[in-house]
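Below you'll find the structure, written out as structure tokens, and then a few comments.
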Amino acid sequence: MTASLRPTGHVFIAASLDGFIAREDGDIDWLTEFASTGEDTGYDAFMGSIDGLVMGRGTFEKALTFEVWPFKKPVIVLSRTLSQAHLAEAVREKVRISAAPPAELLAMLGREGCRRVYVDGDKVIHSFLQEDLIEDFVVTRVPVILGGGLPLFGSSGREIKLDHIETTSFRSGLVQSRYRVRGK
Ligand SMILES: NC(=O)c1ccc[n+]([C@@H]2O[C@H](COP(=O)([O-])OP(=O)(O)OC[C@H]3O[C@@H](n4cnc5c(N)ncnc54)[C@H](OP(=O)(O)O)[C@@H]3O)[C@@H](O)[C@H]2O)c1
């Protein structure tokens, strides 16, 4: 397995102006109201560009509360507490549970032919960032100050330099910025 075959990690996420991706209890009600503005924030194009998703158990459990399973691409859920047997039949075919460390997981996905992976979830993004496995970010700022919640970046303890690619603003007040991790 050569490093060049390892898929790249990509983040597409929304955050409040004060940098939270969900309320403390995981609620994203402040975000879902923007789903119906009719604006094209590039989510569909981004989803079209990736081969699969890796998300944390917290994000998976939130997705399970949606009326319809929201992902068309294969999903890997990172969890050390869930197993495949815990999954409801409706998602068992769509989701694989893994407890593999991030780099190992990406290497495995690379062997399966995966090239671009959407990395999602507060803690999982942090751990991929710590291991230098994220290539770029699309962060959409939502015009609200939540006052607390799950932080987008938290205190990672490591400085990561980014190059700003572009920023687009939308009539609804969403402001979306693209960054590439320097050197990637
Ligand atoms: N604003 C947005 O665009 C956006 C996007 C995504 C998610 N969210 C929200 O974020 C919340 C979920 O965040 P979360 O804090 O629960 O984080 P998460 O990253 O979704 O899930 C964290 C869990 O993943 C498991 N895990 C396994 N391996 C891991 C590893 N290497 N690194 C980190 N975690 C690993 C652990 O569960 P086990 O205990 O099972 O091992 C851990 O508790 C949800 O409310 C979701 O709605 C918002």
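The values are calculated or read from the model by the stated rules, or taken from the named source; none is laboratory data. Predicted model only: the values in this text are computed from it and were never measured. FYI the Cβ positions are ideal-geometry reconstructions off the backbone, even for glycines, and counts take in every protein chain you see. Note: accessible area is taken over every heavy atom of the protein model, side chains too, but ligands, DNA and RNA are not part of it. Shrake-Rupley method; radii C 1.70, N 1.55, O 1.52, S 1.80 Å.
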### Query
Among the residues of the range 8-25, is there at least one that is under 21 Å from PHE153 (Cβ atoms), of a type in the set (S, T, N, Q) and more than 14 Å from the ligand (Cβ to nearest atom)?
yes
### Summary
Residue count, the range 47-60, condition open to solvent by 40 Å² or more (accessible area, probe 1.4 Å), small (Gly, Ala, Ser) and within 11 Å of the ligand (Cβ to nearest atom), comes to 1
### Query
Would it be correct to say that VAL119 is in contact with a helix residue (DSSP H, G or I) (Cβ under 8 Å, 6 or more places away or on another chain), open to solvent by less than 40 Å² (accessible area, probe 1.4 Å) and in contact (Cβ under 8 Å) with a residue 24 or more places away in the chain?
yes
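Rundown of residues vs (1) closer than 18 Å to GLY9 by Cα; (2) not acidic (Asp, Glu), yes/no style:
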residue	(1), (2)
GLU131	yes, no
HIS164	yes, yes
SER172	no, yes
ARG178	yes, yes
### Query
So which of ASP44, ASP132 ends up being part of a loop (DSSP other than H, G, I, E, B), of a type outside the set (Gly, Ala, Ser) and open to solvent by 10 Å² or more (accessible area, probe 1.4 Å)?
ASP132
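Rundown of residues vs (1) part of a strand (DSSP E or B); (2) open to solvent by less than 50 Å² (accessible area, probe 1.4 Å); (3) within 10 Å of the ligand (Cβ to nearest atom), yes/no style:
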{"site": "LYS62", "(1), (2), (3)": "no, no, yes"}
{"site": "VAL68", "(1), (2), (3)": "no, no, no"}
{"site": "PHE71", "(1), (2), (3)": "no, yes, no"}
{"site": "ALA90", "(1), (2), (3)": "no, no, no"}
{"site": "LEU105", "(1), (2), (3)": "no, yes, yes"}
